[in-house]
Structure formats: C-alpha cells, structure tokens
Amino acid sequence: MFNNNEIIGRPPSATTFTWNNIGLSNWLTAANWTPALDAPPNGASQAVFGDVVDRNSASSVIVDSDVTVASIQFNSANTYAAVGVASVNMMAG
C-alpha cells in the first residue's frame, strides 16, 4: 500500500537501505547503500532509490546475482536502470 511515496505495512524489523551511488555500480556492494551494513538489501529489507540522481546524471545498478527484497521504492523523477544477468525479486507477503 502506498501513501505519499511511502510504503505502509512492511514489517517493523525490516531495514530500509537507500542507494547512494551516482553512475554504474553493483547492488551487492554494501558501501553503495545507506546504511552501509555488512550486506546490501536482501530478504525483508526495503530498497529505496531516491534523489541522489539528478537531472544531469543517471544511475545504473548492476545485478549479477539474484536478490530478493520486501519492497522497492523509486522516489526520484530521474532515471535508474537495473542491468545485468540476474533478477531482482519481491518477497511474497
């Protein structure tokens, strides 16, 4: 369920990760996310692609191993692209 670009109803224990990289970089690199924990978003986590991308740039996220997240939020009017040989999947809820 959505409310003003915010996703409602995800589990309270889920971690929200926000993409912080402009340009081409790998989903599996923890430093590309805030917070930069030991692992990138996977499982019950939410992945947020926000306004780090501006009108003069774009961001491509390399997905070279399958990942599954609880939700993905795009909170930018600018372009993100997921590229690679693997899949980004949503958890059944």
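FYI, it's all coordinate maths here, none of it is from the lab. Computed from a predicted model, the values in this text were never measured in an experiment. No Cβ is skipped: glycine too gets one built from the backbone with ideal geometry, and neighbour counts run over all protein chains shown.
Each residue of the stretch 33-47 was assigned a 3J(HN,Hα) from its phi angle through the Karplus expression (A = 6.51, B = -1.76, C = 1.60, θ = phi - 60°), giving 10, 10, x, 8, 7, 5, 9, x, x, 6, x, 7, 7, 10, 9 Hz with x at Gly and Pro. With the simple spin-label model, which puts each label point 7 Å out from Cα in the Cβ direction, the residue 44 to residue 74 separation comes to 2.8 nm.
Based on the Kirkwood radius over alpha-carbon pairs, what is the Stokes-Einstein translational diffusion coefficient of the stretch 20-93 at 20 °C with 1.002 mPa s viscosity, in µm²/s? Kindly include the intermediate steps, with their values, before the conclusion.
Values: Rh = 12.5 Å.
Stokes-Einstein gives a translational diffusion coefficient of 171 µm²/s.
Close amide H contacts of residue 60 (hydrogens built in the peptide plane, cut-off under 5 Å, sequence separation of 5 or more or a different chain): 23, 24, 25, 81.
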